[in-house]
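Report on the following structure.
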Amino acid sequence: MDIHALPIEERIRWLFQRAAQHAAEFCGSESVLARQRYLAEHPTALAALKCMDGRLNLSVATRTPIGLIQPFRNLGGRFDLGWPHLGEVLSDWVLSQVGAGRRVLLLLNYHHSRGCAQRGCAGFGFDLAAARAHMQALRAQVEQVFGRAHDSVYPLVCGFETDEDAICLDAPDGRSIDLAALTPTEAAELPQRLMALYPDMPERVRADLMPLLLGNLAHVAAVRAAGRAPEVEHREWTLCVGRGFDVLHMPNHALIVGPYSPQLDQPIETAAGIIAANMRAGRIPEDGFLLLASVPYETVGPERERATLKACFLRDFALEVIAARHPTLASRVHVRTAVMDWRRRRLELLPA
Ligand SMILES: [Zn+2]
């Protein structure tokens, strides 16, 4: 069934069904135990700073249990640790992990397409070199904040090639390991290669990075065997603002604007522009698009109440930006506001 061709109300229903399925899967005993077992064997805490592009599903591409890689997403994969909200959210997360005795591996992730530059990252004007350079600059910021010896926090710049979902590891000196290009013999030497590329990486972190890389090698082999066709065009019809959208982790349905940039109007305007262009080109129906605002909370009471206020603020802010800069699109908006019970990954719709 082509979801993109359905009337907007049906697409919205489908999206919330998917979100509910994801939450149910996340809370299932098998998933909970798989995460616990994985964490016991691989205690390094994992996070990824990456683009909002739905093709970047690191959990699937590394065969890691869902919910273990903490995502920080923003339109175009641009981040600056000087942004007050991003700096705080990331820092809180890192300190809570380190406080629990875990090292932290931060994946600073750019993306591109080998087959066609235009399937790369629109946020960087499809310029792979610019995206790589941005992530190396972010790496330097992480070092400034969390230390240059990398004993507790290791920033790792890595690329995601979306045609085959292959990971490429970049060292600051310009060398790299492209997992898509490894022969079986080279793959067997990965631990030694990692040591040579990142001599300063703590042994624990290296040991916990290895399963992700082996998982990616297996995933890439499966993608090749399946002869998967790459997604060729933008067909997004949902604009998400806020955090906690990994339940909507699927290619080509949603554009996710994290609440991080102090100039929040810009990524919202860009995302709305992409959806408007999708409608104009007939790639999605013109009957409407979804604006979904959501903010996660961990505890009930004041934290949930504040998440509610934040979600309403983000919704109203996005509506204003869209009305001012894409008035035609604004007349087609369908709005949903939610908070997310983060421990259960469950979206809770707020009354309209
Ligand atoms: Zn991108």
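Where a number appears in this text, it was derived from the coordinates with a stated rule and is not lab data. The shown structure was predicted, so the numbers you read here are calculated from the model rather than taken from an experiment. Heads up, the Cβs are rebuilt from the backbone with ideal geometry, glycines too, and the neighbour counts pull from every protein chain shown.
Miscellaneous remarks
- The chain: antiparallel DSSP beta bridges as a percent of all, rounded to 5: 25 percent
- Screening the chain for whole DSSP H helices with an alpha carbon extent of at least 24 angstrom along the helix axis and a mean Kyte-Doolittle hydropathy of at least -0.5 yields 8-27, 128-146, 203-226, 302-325.
- Rounded, prolate or oblate (a/c below 1.5 giving rounded, otherwise prolate when a/b exceeds b/c) for region 56-104 by Cα gyration tensor: oblate
- Given +1 at the Cβ of Lys and Arg, -1 at the Cβ of Asp and Glu and no other charges, the dipole of the chain around its Cα centre is 340 debye to the nearest 20.
- Ordering V241, A277, L292 by the projection of their Cα atoms onto the charge dipole of the chain, which places +1 on the Cβ of Lys and Arg and -1 on the Cβ of Asp and Glu, puts L292 at the extreme positive end.
- Dipole magnitude of region 1-60 about its Cα centre (Cβ charges: Lys, Arg +1; Asp, Glu -1), debye to nearest 20: 140 debye
- Around the Cα centre of region 42-226, unit charges on the Cβ atoms of Lys, Arg, Asp and Glu (plus for the first two, minus for the last two) sum to a dipole of about 200 debye.
- For the chain, the fraction of alpha-carbon pairs lying more than 25 Å apart is 53 percent, rounded to a whole number.
- Among L255, L107, L194: highest mean-square fluctuation, GNM of the chain, C-alpha pairs under 10 Å: L194
- From least to most packed, judged by other beta carbons within 10 angstrom and beginning with the fewest, E203, E320 follow the order E203, E320.
- In region 238-349, the DSSP beta bridges split such that about 20 percent are antiparallel, to the nearest 5.
- Dipole of the chain, positive direction: furthest Cα of V157, P191, T64, with charges on the beta-carbon: T64
- Dipole of the chain, positive direction: furthest Cα of A171, L108, F313, with charges on the beta-carbon: F313
- Residues R63, R175, sorted so that the one with the fewest Cβ neighbours within 10 Å comes first: R175, R63
- Least to most buried among Y110, Y38, Y198 (fewest other Cβ within 10 Å first): Y38, Y198, Y110
- Tensor-based shape of region 132-284 (alpha-carbon gyration tensor, a/c under 1.5 rounded, otherwise prolate or oblate): oblate
- Rounded, prolate or oblate (a/c below 1.5 giving rounded, otherwise prolate when a/b exceeds b/c) for region 11-142 by Cα gyration tensor: oblate
- Share, in percent, of DSSP beta bridges within region 157-284 that are antiparallel, nearest 5: 65 percent
- Taking the chain and dividing mean pair separation by its residue count, relative contact order in percent (alpha carbons under 8 Å, at least six apart): 19 percent
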